[in-house]
Amino acid sequence: MLQCLGIQPEGLPIPYQERGCMMTEFRGVTVVREANVYFEGKVTSRTVLFPDGSKKTLGVMLPGEFEFGTADKELMEILSGELEVLLPGERTWKLIKGGQSFEVTANSKFNLKVKKVTDYCCSFIKG
């Protein structure tokens, strides 16, 4: 349980991407009021800013095919739904369902085939 809270037994913080669990709520954050709307409203999200300077987006994707570009490394946690992802340099689509995640390298593009309405959390990882 300490790992999900981001605390090592020695009391040191654990970076979120290394915790091995999906958090169910965020406290002490700033939510940007304006929505991020892509692909004629088929993909929407809200930006969440953390006190340590990190950023996440929480969003929903409707069924469809989409290509995204990223400057930072991304951790995409699929909270519910179902999609296929084609990651940079890969030739095979990978099925991802609620409760699973995937990572995207920085400065790259990736493709999604969203099969069912999908709720997601995207973490932007600097460095």
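Values in this text are rule-based calculations from the coordinates and carry no lab data. Model, not experiment: these values are computed from the prediction. Positions of Cβ are backbone-derived with ideal geometry, glycine not excepted, and every protein chain shown enters the neighbour counts.
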Sorted by Cβ density within 10 Å, fewest first, the residues F102, F110: F102, F110
Could you tell me which of the pairs K42/K126; K42/K97; K42/K115; K97/K126; K55/K116 are separated by over 24 angstrom between their Cα atoms in the structure shown? K42/K126; K97/K126; K55/K116
Arranged by the count of other C-beta atoms within 10 angstrom, fewest first, what order do Y38, Y120 take? Y38, Y120
For segment 18-84 the GluC sites (Glu not before Pro) that pass both the DSSP coil test and the at-most-12 other-Cβ-within-10 Å test are E25, E34
Give me the number: length gained by fully extending R27 to F39, i.e. 0.36 nm times residue separation minus the C-alpha to C-alpha distance, one decimal in nm. 1.3 nm
